[in-house]
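Input: a single structure, listed below in structure tokens.
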Amino acid sequence: MNDVLQDISAAQRIVVKVGTSTLTYETGKMNLKRIDQLARILSDLRNRGKEIILVSSGAIGIAMGKLGLSQKPQETRQKQAVAAVGQCELMYLYDKLFSEYNNTVAQILLTKDDIAIPRRKRNTQNTFATLLEMGIIPVVNENDTVSTDEIEIGDNDTLSAVVADLVDADLLVLFSDIDGLYDSDPRTNPDATLLRIVYDIDKVKHSAGGAGSSRGTGGMITKLAAAEIATSAGIHMVIANGANLNALYELLEGNPIGTLFVSKNFRGENDE
């Protein structure tokens, strides 16, 4: 495991995904303290010379709080309208907080077509490359204001893995409302054990439960799907608890955090 952790500590291009449960309270209102901490840590890593891409959920969740909605909209047109409000609110906050730490952010909204159609994919990759060259932190989300079933990527766990592959990242970190992948559901089994390292995703799929918090769209199933995309592309992936964003520092110092999914490039003798 030490060789993998050493490789992670040297990661230069890092994709960080934060879920709605990390960015908001149970009330649906924005967790300003945590969002500020996220901006400070990512800005600090950028100042250190790391290239950072932030994949951020939360647009619909934040809009629900702003609009006083108690339940997530079900109809596509309602989701699109609420997302339009939330994207504006979320980027306003990111722009304000990252600016306070002397860093600039840029919004990139994607649909499946931006990745599936070769010409659009190249344009998207060029945009990412140019932003990173300019020292700007891209903030990525699915373009929920226009997405329909035919062109949506589906969830931001998958989106973050697709983006990591798209930009040829070294590391993908998913911050969630759980410490990592357990051998059974820790919410129902007090004896559940945290899996620190995974080489073979097929062997742990039985551990995945259903959806996560009521404010998000993902769960462990979507995170395992993201792990398959990332590790197959030669990218290490880590699931960590968003309540401790400082874990990103610990990870880059070579310490084990959450659950580590090992890239295919490090499989072989250690494969389990």
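Every number in this text was worked out from the coordinates using simple rules, so none of it is lab data. All figures in this text were calculated on a predicted structure; none of them were measured in a lab. Backbone-built Cβ (ideal geometry, glycine too); neighbour counts: all protein chains shown.
What FRET efficiency, computed as 1/(1 + (r/R0)^6) with R0 = 30 Å and r the Cβ-Cβ distance, is obtained for residue 125 and residue 81, rounded to the nearest 0.05? E between residue 125 and residue 81, to the nearest 0.05, is 0.50. For Rg and Dmax of the Cα atoms in Å, several values are listed as (i) 18.4, 57; (ii) 17.6, 54; (iii) 20.9, 78; flag the one computed from this structure. Here the calculated entry is (ii). First measure r as the distance between the Cβ atoms of residue 9 and residue 183, then evaluate 1/(1 + (r/R0)^6) with R0 = 45 Å and state the FRET efficiency to the nearest 0.05. After rounding to 0.05, the efficiency reads 0.95. Across the chain, the mean sequence separation of Cα contacts (distance under 8 Å, 6 or more residues apart), normalised by length, yields a relative contact order of 23 percent. Placing +1 on the Cβ of every Lys and Arg and -1 on the Cβ of every Asp and Glu, with nothing else charged, gives the chain a dipole about its Cα centre of roughly 780 debye. For the stretch 1-103, applying the loop criterion from DSSP together with a ceiling of 15 other beta carbons within 10 Å to the chymotrypsin sites (Phe, Trp or Tyr not before Pro) yields 25, 101.
Helical content alone sets the calculated 222 nm signal of the chain at -12500 deg cm²/dmol, taking -39,500 (n - 2.57) per DSSP H segment of four or more residues and averaging over every residue. Straight-line reach from residue 66: which lysines have a Cα under 19 Å away, not including same-chain ones fewer than 8 places off? Result set, ordered by chain and number: 29, 33, 79, 96.
Multiplying the residue separation of residue 67 and residue 104 by 0.36 nm and subtracting their alpha-carbon distance yields 10.5 nm. Loop-located GluC sites (Glu not before Pro) in the stretch 42-137 (DSSP state other than H, G, I, E, B) with a sparse environment of at most 10 neighbouring Cβ atoms within 10 Å: 75. The alpha carbon gyration tensor of the stretch 1-57 gives principal lengths a ≥ b ≥ c with a/c of 1.5 or higher and a/b greater than b/c, which makes the shape prolate.
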